[in-house]
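Undergrad: Below is the structure I would like to discuss, written out as structure tokens.
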């Protein structure tokens with residue numbers, strides 16, 4: 001009974017820690033949205049504005065938490081060339097507003113693991129430092145391309161998403177490579193096959209694609 005109780009406690013603790021928050025700050029007369037996505041061990045903070053649309057920065061990694069203070073060992077930092085920051089300490093306070101939507105079945109951290117081709121699956125190694133990751137959490141999503149060794153940042157975009165009977169739809173709220181992409185709605189089909197997420201449709205450039213994403217372990 002003690003083992004069952006411990007398992008249930010840990011399960012609900014992990015579930016409760018999968019949340020999305022935001023708070024706002026002012027910079028040069030501009031209202032900046034800080035979005036924080038976190039699960040039981042990973043935290044991503046992204047800063048952007050909506051009027052006008054502008055991507056500012058994103059950073060994230062595995063964290064530890066004590067009394068509302070999150071200490072993050074960053075895996076990526078889009079502003080690294082300017083600030084050289086590899087650690088982040090951020091304190092939760094009353095300005096954090098929880099904006100989590102309904103929990104959906106794609107919650108989790110996913111690594112780009114390959115594509116489906118005419119010849120079948122073409123997999124790629126996900127253990128190297130060069131990663132493309134999607135973090136989906138309670139109705140929100142973000143993809144980030146980065147290198148954990150060199151701290152190179154290649155791009156990121158995100159917003160909120162919906163799923164319905166195999167349909168997956170992304171609503172873009174920020175995009176580091178092109179602010180003009182904000183507001184776009186991208187429909188896809190999806191299926192879960194074991195620990196893989198098959199993601200099929202057209203890319204932002206209108207090119208047909210069938211991607212394979214694999215659940216990420218620490």
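Undergrad: For 132, 148, 127, 46, what's the fewest-to-most ordering of other Cβ within 10 Å of each Cβ?
TA: 127, 148, 132, 46
Undergrad: Two decimals is fine: what is log10 I(q)/I(0) at q = 0.18, 0.21 Å⁻¹ for the stretch 108-215, from a Debye sum with one equal scatterer on every Cα and no solvent?
TA: One equal scatterer on each Cα of the stretch 108-215 leads to -0.97, -1.32.
Undergrad: Binning at 5 angstrom from zero up to the longest distance, how are the C-alpha pair distances of the stretch 172-218 distributed in percent?
TA: 5, 18, 21, 18, 21, 12, 5, 0
Undergrad: Another question about this same structure. Enter the Cα centre distance for the pair the stretch 133-157 and the stretch 61-79, rounded to the nearest angstrom.
TA: Value for the Cα centre distance between the two parts: 14 Å.
Undergrad: While we're here: With 10 Å bins from zero, work out the P(r) of the chain over every alpha carbon pair and list the percent per bin.
TA: Reading the bins upward from 0: 8, 32, 38, 18, 4, 0.
Undergrad: Give me the Å³ per residue figure for the convex hull around the C-alpha atoms of the stretch 150-204.
TA: In the stretch 150-204, the Cα hull volume divided by residue count equals 105 Å³.
Undergrad: Sticking with the crude label model, points 7 Å out along Cα→Cβ, report the distance from residue 192 to residue 54 in nm, one decimal please.
TA: Result for the modelled spin labels: 4.0 nm.
Undergrad: Sticking with this structure for a sec: Need one number: convex hull volume per residue for the stretch 19-98, Cα atoms only, in Å³.
TA: 95 Å³
Undergrad: A further question on this structure: What list do you get for 34, 199 if you sort them by fewest beta carbons within 10 Å?
TA: Listed from fewest to most nearby Cβ atoms, that is 34, 199.
Values in this text are rule-based calculations from the coordinates and carry no lab data. Bear in mind the structure is a predicted one, so any value in this text is a computation, not a measurement. Virtual Cβ from ideal backbone geometry, glycine too; neighbours counted across all protein chains shown.
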